[in-house]
There are 2 protein chains.
Amino acid sequence: MESEARRNVLRLFTYGMYAVSAHHAGASNAFLANWLAQCSFDPPMLVLAVERDARTLALIRGGGFFAVHVLASGQREFAGMLGRSSRTVPDKLKNVRWHPSAHTQCPILEDTLGYVECRVVGEMPAGDSVIVVGEVINAALLSNGEPAPLTMKETGFKHSG
Amino acid sequence: MESEARRNVLRLFTYGMYAVSAHHAGASNAFLANWLAQCSFDPPMLVLAVERDARTLALIRGGGFFAVHVLASGQREFAGMLGRSSRTVPDKLKNVRWHPSAHTQCPILEDTLGYVECRVVGEMPAGDSVIVVGEVINAALLSNGEPAPLTMKETGFKHSG
């Protein structure tokens with residue numbers, strides 16, 4: 001297989017940009033995600049790929065919940081900060097407006113378009129990542145539909161290929 | 001949970017539009033998919049949610065492979081045809097330019113921006129759907145980068161919520 005062809009095709013895939021957060025045993029964290037999608041209508045479920053060594057993966061597993069926030073057009077810098085390694089930015093929530101969810105204790109990031117909270121219902125390994133499946137148990141819209149959601153295309157980031 | 005809030009947030013998720021095809025025991029088919037994402041860099045893998053009763057799911061399972069094609073901006077009508085039920089449109093490939101892949105026998109849809117072919121490496125149930133994980137084993141770009149990929153937003157379709 002030509003790896004350049006593979007990379008070029010995979011980079012044609014369309015993605016939104018999301019902040020995924022979780023909480024466990026006193027620790028809260030969030031990271032930038034684009035490899036996620038809904039995967040069931042009834043019940044409503046999401047599938048999310050998380051790098052094996054992501055700090056938040058331990059919180060998702062330990063707490064059993066995660067929250068997915070839709071970022072807004074114009075939040076490229078915010079997205080970039082969330083996308084840095086926890087080793088480089090130990091406290092990514094430091095300068096972010098957030099509060100713990102009453103349902104799941106996951107950090108709710110207030111400057112986003114809205115969020116869904118999920119209860120983990122399964123996981124499976126997938127190469128260098130882990131696929132986590134969650135059932136949506138709570139949701140809130142934090143905007144009136146403006147601005148539009150942030151897309152990978154707008155950021156110019158390349159997390160695929 | 002307010003189901004309206006949930007639907008409104010899930011409809012803010014950003015999706016591309018893809019044609020997924022498979023072949024088994026003399027039968028070939030394709031369907032319109034948007035619930036998919038890359039899920040590993042090394043090895044390159046994709047995760048795809050397929051409705052339990054989709055005819056192509058049996059072909060994916062039986063053949064052990066699937067191909068994901070990136071649709072192009074302007075292909076709303078083509079996408080709509082691929083999105084209809086196999087019960088309504090028994091032969092969706094009838095008026096489509098395609099040939100069987102030499103690697104996997106999956107139908108290669110020629111009027112798309114490019115495709116990746118995957119070998120199924122796992123699956124798990126997820127509500128009304130099945131999550132299929134595939135490793136990318138072949139890929140080809142069929143365009144020079146124009147037009148842009150088709151997005152769910154361009155089509156106005158609502159397969160989420």
Reported set for the stretch B:87-106 where residues are in contact with a strand residue (DSSP E or B) (Cβ under 6 Å, 6 or more places away or on another chain) and either within 14 Å of chain A (Cβ to nearest Cβ) or farther than 20 Å from B:ALA72 by Cβ (or both) is B:SER101, B:HIS103, B:THR104, B:GLN105
Apart from one, (1) under 30 Å from B:GLU123 (Cβ atoms); (2) modelled with pLDDT of 95 or more; (3) within 9 Å of chain B (Cβ to nearest Cβ) all hold for A:SER160; the odd one out is (2)
With the first residue restricted to the stretch A:95-111 and required to be more than 10 Å from A:SER21 (Cβ to Cβ), and the second required to be of a type in the set (Val, Ile, Thr) and assigned to a strand (DSSP E or B), Cβ contacts under 9 Å at 6 or more apart or on different chains are A:HIS99/A:ILE108; A:HIS103/A:ILE137
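Here are some residues: B:THR104, B:THR88. Which one is surrounded by fewer than 22 Cβ atoms within 10 Å (Cβ to Cβ) and modelled with pLDDT of 95 or more?
On the way: B:THR88 fails: modelled with pLDDT of 95 or more.
That would be B:THR104, the only listed residue that is surrounded by fewer than 22 Cβ atoms within 10 Å (Cβ to Cβ) and modelled with pLDDT of 95 or more.
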Of the conditions (1) buried (at least 21 other Cβ atoms within 10 Å of the Cβ); (2) touching a strand residue (DSSP E or B) at 6+ places or on another chain (Cβ under 6 Å), the single one that B:GLN75 does not satisfy is (2)
Across (1) over 14 Å from the mean Cα position of the chain (by Cα); (2) surrounded by fewer than 24 Cβ atoms within 10 Å (Cβ to Cβ); (3) at pLDDT 95 or above; (4) over 21 Å from B:LEU10 (Cα atoms), A:VAL9 clears everything bar (2)
The residue that is nearest to the other protein chains (Cβ to nearest Cβ), considering only those in the stretch B:107-118 that are buried (at least 17 other Cβ atoms within 10 Å of the Cβ) and not aliphatic (A, V, I, L, M), is B:GLY114
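Among the residues of the stretch B:23-48, write down those that are within 7 Å of another protein chain (Cβ to nearest Cβ) and either surrounded by fewer than 19 Cβ atoms within 10 Å (Cβ to Cβ) or among the hydrophobic types (A, V, I, L, M, F, W, C) (or both). Reasoning before the result, please.
Just the residues of the stretch B:23-48 that are within 7 Å of another protein chain (Cβ to nearest Cβ), to begin with: B:35-45, B:47.
Hits for the stretch B:23-48 are B:TRP35, B:LEU36, B:ALA37, B:CYS39, B:PHE41, B:ASP42, B:PRO43, B:MET45, B:VAL47.
For the condition within 22 Å of B:PRO43 (Cβ to Cβ) and modelled with pLDDT of 95 or more, what is the one hit in A:PRO147, A:PRO125? Spell out the reasoning first.
Details: A:PRO147 fails: within 22 Å of B:PRO43 (Cβ to Cβ).
Only one candidate qualifies: A:PRO125.
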Filtering the stretch A:21-51 down to residues that are among the hydroxyl-bearing types (Ser, Thr, Tyr) and within 27 Å of B:GLU123 (Cβ to Cβ) yields A:SER40
Checked the stretch B:121-138 for anything within 7 Å of another protein chain (Cβ to nearest Cβ) and out of contact with any His (no Cβ under 6 Å at 6 or more places or on another chain); matches are B:GLY122, B:MET124, B:ALA126, B:GLY127, B:ASP128, B:SER129, B:ILE131, B:VAL133, B:VAL136, B:ILE137
Only one of (1) modelled with pLDDT under 95; (2) away from chain B (no Cβ under 14 Å) does not apply to A:ALA54, and that is (2)
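State yes or no: is B:ARG97 farther than 17 Å from B:ALA58 by Cα, among the basic types (Lys, Arg) and out of contact with any Phe, Trp or Tyr (no Cβ under 6 Å at 6 or more places or on another chain)?
So B:ARG97 passes the test.
Taking the stretch A:1-17 on its own, how many of its residues are touching a Ser or Thr at 6+ places or on another chain (Cβ under 8 Å) and in a loop (DSSP other than H, G, I, E, B)? First the steps, then the outcome.
Let us first name the residues in the stretch A:1-17 that are touching a Ser or Thr at 6+ places or on another chain (Cβ under 8 Å), namely A:10-11, A:13-17.
Then keep just the ones that are in a loop (DSSP other than H, G, I, E, B); that gives A:11, A:13-14, A:17.
The number of residues fulfilling the criteria is 4.
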Of the residues in the stretch B:110-138, those that are more than 23 Å from A:GLU4 (Cα to Cα) and of a type outside the set (Asp, Glu) come to B:GLY122, B:MET124, B:PRO125, B:ALA126, B:GLY127, B:SER129, B:VAL130, B:ILE131, B:VAL132
Taking the criterion of being among the basic types (Lys, Arg) and within 14 Å of A:CYS118 (Cβ to Cβ), would at least one residue in the stretch A:39-57 satisfy it?
no
Turns out the strands (runs of 3 or more DSSP E) fully within the stretch A:40-157 with at least 1 residues that are more than 22 Å from B:LEU12 (Cα to Cα) are A:45-51, A:98-100, A:114-126, A:129-141
Could we say that A:VAL20 is assigned to a strand (DSSP E or B), at the interface with chain B (Cβ under 10 Å from one of its Cβ atoms) and of a type in the set (A, V, I, L, M) here? no
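The values are calculated or read from the model by the stated rules, or taken from the named source; none is laboratory data. These numbers were taken from a predicted model, which means no experiment stands behind them. All Cβ positions, even for glycine, are placed from backbone atoms using ideal geometry, and neighbour counts span all protein chains on display.
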